[in-house]
Amino acid sequence: RPRLELPLADADRSEIGRLWPFNRVRPNGYVCIHPGAQLRSRRWPVDRFAAVADGLAADGFTIVLTGTAGEAALGEQLRSSMKAPAVDFIGHTNLWTLAALIENARLLVCNDTGVSHIAAALGTPSVVVSMGSDVARWAPMDARRHRVLWHDLPCRPCAHESCPSAHECALAIHPQKVLSEARQHLSEQGEPEWIPPLPPQANACASSPGMCTATISTT
């Protein structure tokens with residue numbers, strides 16, 4: 001069957017290395033959390049993303065937040081809801097550097113939005129919370145690598161900007177279910193492959209105060 005492709009250049013990977021030169025040498029690797037989506041009806045509640053992120057952080061994974069500059073307020077809500085620290089890349093990437101960041105992630109946890117297709121194109125495992133969309137049409141084809149969680153309702157599919165009801169399709173997906181799926185996915189991968197570190201360079205955590213909510217050691 002045909003598959004998505006996203007041709008990354010070494011320059012894209014180098015730019016992520018410049019912004020965050022230690023991203024490839026964390027012992028357990030990192031998980032990307034992407035809380036945004038264009039339609040509010042397609043967004044899983046932020047406090048639920050926070051619960052999943054805190055659970056994975058407790059398991060020893062570095063949490064990396066991704067999103068567009070327009071989703072900065074959403075990212076701030078997520079950071080405020082989390083107990084664990086996170087590295088915040090929201091608004092600090094373009095399409096290509098976001099893809100380079102996702103390429104080396106152990107896992108992406110996201111809504112059913114464009115970033116899930118980036119993960120599919122790159123082969124990065126993902127757990128996708130789907131609200132409103134036609135799952136049969138839009139879910140990634142590799143169901144083993146990309147696990148879509150959704151709740152069937154008579155009103156699906158829909159394209160409402162904001163849910164006119166009680167957002168039942170979102171609230172039916174509990175954080176523990178997403179966390180359990182993420183943990184199972186990660187355990188099936190085994191130990192991450194060690195990648196030699198990039199040469200030390202100035203990074204955005206130091207040059208852009210507020211970007212990183214944690215100081216992460218490279219040792």
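Tallying residues that are under 15 Å from Thr113 (Cβ atoms), outside any loop (DSSP other than H, G, I, E, B) and either small (Gly, Ala, Ser) or at pLDDT 90 or above (or both) within the stretch 11-54 yields 6. With respect to Ala121, is the statement that it is in a helix (DSSP H, G or I) and closer than 22 Å to Arg147 by Cα true? For Ala121, the condition - in a helix (DSSP H, G or I) and closer than 22 Å to Arg147 by Cα - is met. Do we find a residue being over 20 Å from Ala99 (Cα atoms), surrounded by fewer than 24 Cβ atoms within 10 Å (Cβ to Cβ) and modelled with pLDDT of 95 or more anywhere in the stretch 1-10? Among the residues of the stretch 1-10, not one is over 20 Å from Ala99 (Cα atoms), surrounded by fewer than 24 Cβ atoms within 10 Å (Cβ to Cβ) and modelled with pLDDT of 95 or more, which makes the answer no. Residue-level analysis places Val128 among those that are in contact with a strand residue (DSSP E or B) (Cβ under 8 Å, 6 or more places away or on another chain), within 17 Å of Ile173 (Cβ to Cβ), modelled with pLDDT under 95 and buried (at least 21 other Cβ atoms within 10 Å of the Cβ). Filtering the stretch 171-196 to residues that are of a type in the set (Gly, Ala, Ser) and either modelled with pLDDT under 70 or not in a helix (DSSP H, G or I) (or both) leaves Ala172, Gly190.
Going residue by residue through the stretch 24-46, is there one that turns out to be under 15 Å from the mean Cα position of the chain (by Cα), over 25 Å from Leu149 (Cα atoms), crowded, with 17+ Cβ neighbours inside 10 Å and touching a residue at least 24 places away in the same chain (Cβ under 8 Å)? No: the stretch 24-46 contains no residue that is under 15 Å from the mean Cα position of the chain (by Cα), over 25 Å from Leu149 (Cα atoms), crowded, with 17+ Cβ neighbours inside 10 Å and touching a residue at least 24 places away in the same chain (Cβ under 8 Å).
Residue check: Leu65 meets all listed conditions (1) under 20 Å from Leu171 (Cβ atoms); (2) surrounded by 23 or more Cβ atoms within 10 Å (Cβ to Cβ); (3) touching a residue at least 24 places away in the same chain (Cβ under 8 Å) but one, namely (1). Please find, within the stretch 100-111, the residue that is modelled with the lowest pLDDT out of those that are within 11 Å of the chain's Cα centre (by Cα) and surrounded by 22 or more Cβ atoms within 10 Å (Cβ to Cβ). Restricting to residues being within 11 Å of the chain's Cα centre (by Cα) and surrounded by 22 or more Cβ atoms within 10 Å (Cβ to Cβ), the top hit is Asn111.
The values are calculated or read from the model by the stated rules, or taken from the named source; none is laboratory data. Small disclaimer: the values here were computed from a predicted structure and weren't measured. Every residue, glycine among them, receives a Cβ derived from its backbone with ideal geometry; neighbour counts consider all protein chains shown.
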